[in-house]
Structure formats: C-alpha cells, structure tokens
Amino acid sequence: MPTAVVTGAGVRLGKAIALALAEAGYDLALHVHRSTEGAEEVARKARALGRTATVYRADLGSPREVESLAVTLREAHPAIDVLVNNAGLYERVAFEDITREQYHRMLGVNLEAPFFLTQALLPALRTAPQPLVVNITDIGGERPESHYAHYSVSKAGLIMLTRALAVELAPRVRVNAVSPGTVVFPENFDEAARQALLARIPLGREGSAEDVARVVVFLAREAPYISGQVIAVDGARSAQL
C-alpha cells in the first residue's frame with residue numbers, strides 16, 4: 001500500500017484529507033499537536049477500510065519536535081508517497097498589535113515546519129515510485145485581508161516554497177499547493193463577517209473540507225504531469241478580487 005503523511009490530521013481540512021486518502025487506498029501517518037482524539041477517529045475509520053494508520057504527536061512550532069517527528073516518520077515509513085503539509089495557525093490581529101512572538105510562531109508553524117519537514121522526509125519521498133508533496137495554502141497568501149498580515153505572509157511564503165521545490169526537486173518529486181478560500185468557518189466565527197464573506201463568493205456558498213480533499217486526491221492519483229501549481233478551491237472568489 002502507498003503511504004500518505006498528513007499534518008494537522010485531527011480536525012477540519014486535515015481530517016477530511018486524511019480520510020479521502022485512506023478511501024483512495026493510502027496507509028496513513030497522521031500528525032497532530034493537540035487534536036489527538038480526532039486523529040484517532042480518522043485512524044479507526046482508515047483501519048476499517050483495511051489501511052494501516054498511526055498517530056504521531058508534535059508541536060510544529062518547535063524545531064526540535066519537527067526534527068524528532070521526521071526521524072520517527074522515516075524510521076516507520078521508509079517510503080512516503082504523499083506528504084500533505086496541512087497543519088497551520090490562523091488568527092486575526094491588527095498589524096500594530098502583532099508581537100514578535102506571534103509573528104515567529106505563525107511563520108514557524110505555517111512556513112518553517114513545511115520547509116524543514118519536507119527537507120527531512122525527502123529521502124523517504126524519493127524512495128516512492130511517484131512522490132508528491134501538497135502544501136495547503138490560502139488565497140490570503142496572494143490576496144491579503146485586513147488584520148491577517150502575519151498569516152498572509154506565512155502563506156505567501158508557502159506558495160513560493162511550493163514553486164521553488166517543484167523546480168528543484170523535479171523530476172523525481174512533484175510539489176503542488178491547494179489554496180482554499182472560504183472553506184469551513186472556524187468555530188465561533190462572527191456571523192456578520194460570515195455573511196459578508198459569503199456575499200463575495202460567486203458560487204454563493206462556503207466550500208467544504210471534502211472539496212479540498214478531493215483536489216488533493218486528484219493530484220495524487222490523476223495528475224502525474226501537474227507540478228508547481230497552486231489550485232484555488234474558492235468558488236471563484238479569487239477570480240474577482
């Protein structure tokens with residue numbers, strides 16, 4: 001069975017992506033920070049499909065824990081077919097109020113962790129027949145919103161990392177990004193802000209986690225000549241900005 005590593009696999013997008021990959025025939029290595037219960041649920045469902053699934057815990061904001069996670073993953077999975085860098089931070093803070101600690105934490109989790117985790121897992125990726133890295137970015141990485149400066153910077157960096165690695169790691173490893181728009185609102189999201197965002201989406205609705213997951217599976221299974229691309233899953237929202 002091919003193996004997929006999914007970071008942030010216990011909630012929201014990561015959970016849906018992991019389940020979709022299991023349904024597509026992948027054994028799973030599931031990373032979480034705190035959402036262990038959600039990841040264990042994914043693992044149980046994957047095993048019910050006949051897949052193997054293991055949960056690994058690490059704080060991706062800690063370089064030491066990223067390194068330790070990579071060592072553990074390489075030992076357990078000598079060949080990794082798909083790496084999905086999904087885990088990320090998201091917070092709304094006015095620019096003048098962003099502290100250095102918040103800035104570094106945001107870039108550490110959203111950009112540095114995918115950078116160094118991909119680097120550390122490269123030997124295992126190169127062992128697989130058709131390895132793929134998928135970075136989960138955000139349309140905010142190219143079209144920023146007010147009060148998300150550090151988040152937008154981190155996602156813009158991840159978009160450039162995607163393109164840079166697609167060039168440098170070719171032809172053995174493909175690297176793409178999936179860029180969600182308004183997909184799965186966070187809990188306790190302001191209702192007025194929610195309605196304002198929905199009004200800007202040509203398709204007239206928010207996306208689902210499964211919308212994003214289907215694109216990841218497509219890239220893994222059906223798109224061997226696609227690399228270096230950022231695929232927006234946003235109901236055409238970015239087309240009019």
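For the reader, a short list of remarks on this structure follows.
- Selection from region 98-126 of residues that are open to solvent by 50 Å² or more (accessible area, probe 1.4 Å) and either in a strand (DSSP E or B) or β-branched (Val, Ile, Thr) (or both): 99
- In region 24-82, the residues that are in a helix (DSSP H, G or I) and aliphatic (A, V, I, L, M): 39, 42, 43, 46, 48, 66, 69, 70, 71, 73, 76
- Residue match in region 127-140 (condition: part of a helix (DSSP H, G or I) and within 21 Å of residue 88 (Cα to Cα)): yes
- Evaluation of residue 175 against (1) surrounded by 18 or more Cβ atoms within 10 Å (Cβ to Cβ); (2) farther than 22 Å from residue 113 by Cα (one fails), failing number: (2)
- Taken together, the residues in region 71-97 that are open to solvent by 30 Å² or more (accessible area, probe 1.4 Å) and under 22 Å from residue 156 (Cα atoms) amount to 8.
- Residues that are part of a helix (DSSP H, G or I) and either of a type in the set (A, V, I, L, M, F, W, C) or open to solvent by 10 Å² or more (accessible area, probe 1.4 Å) (or both) were ranked within region 141-151; the one that is farthest from residue 31 (Cα to Cα) is 149.
- Any hit, region 179-188, residues being within 27 Å of residue 2 (Cα to Cα) and without any contact (Cβ under 8 Å) to a residue 60 or more places away in the chain: yes
- The set of residues in region 178-199 being at pLDDT 85 or above, touching a Gly at 6+ places or on another chain (Cβ under 9 Å) and surrounded by fewer than 20 Cβ atoms within 10 Å (Cβ to Cβ) consists of 182, 198.
- Cβ-Cβ under 7 Å pairs, at least 6 apart or on other chains, region 190-201 side farther than 15 Å from residue 146 by Cα, far side part of a helix (DSSP H, G or I): 200/237; 201/237
- Residue count for region 218-241, restricted to those that are open to solvent by less than 30 Å² (accessible area, probe 1.4 Å) and either aromatic (Phe, Trp, Tyr) or closer than 15 Å to residue 136 by Cα (or both): 5
- Residues satisfying the criterion are absent from region 84-99 (criterion: farther than 21 Å from residue 8 by Cα and basic (Lys, Arg)).
- Condition check for residue 167: of a type in the set (Val, Ile, Thr) and open to solvent by less than 50 Å² (accessible area, probe 1.4 Å): no
The values are calculated or read from the model by the stated rules, or taken from the named source; none is laboratory data. Only a predicted model underlies this, so the values are computations on that prediction, with no experimental measurement involved. Note that each Cβ is placed from the backbone with ideal geometry, even for glycine, and that neighbours are counted across all protein chains shown. Surface accessibility is based on the protein's heavy atoms, side chains included, excluding ligands, DNA and RNA. Shrake-Rupley method; radii C 1.70, N 1.55, O 1.52, S 1.80 Å.
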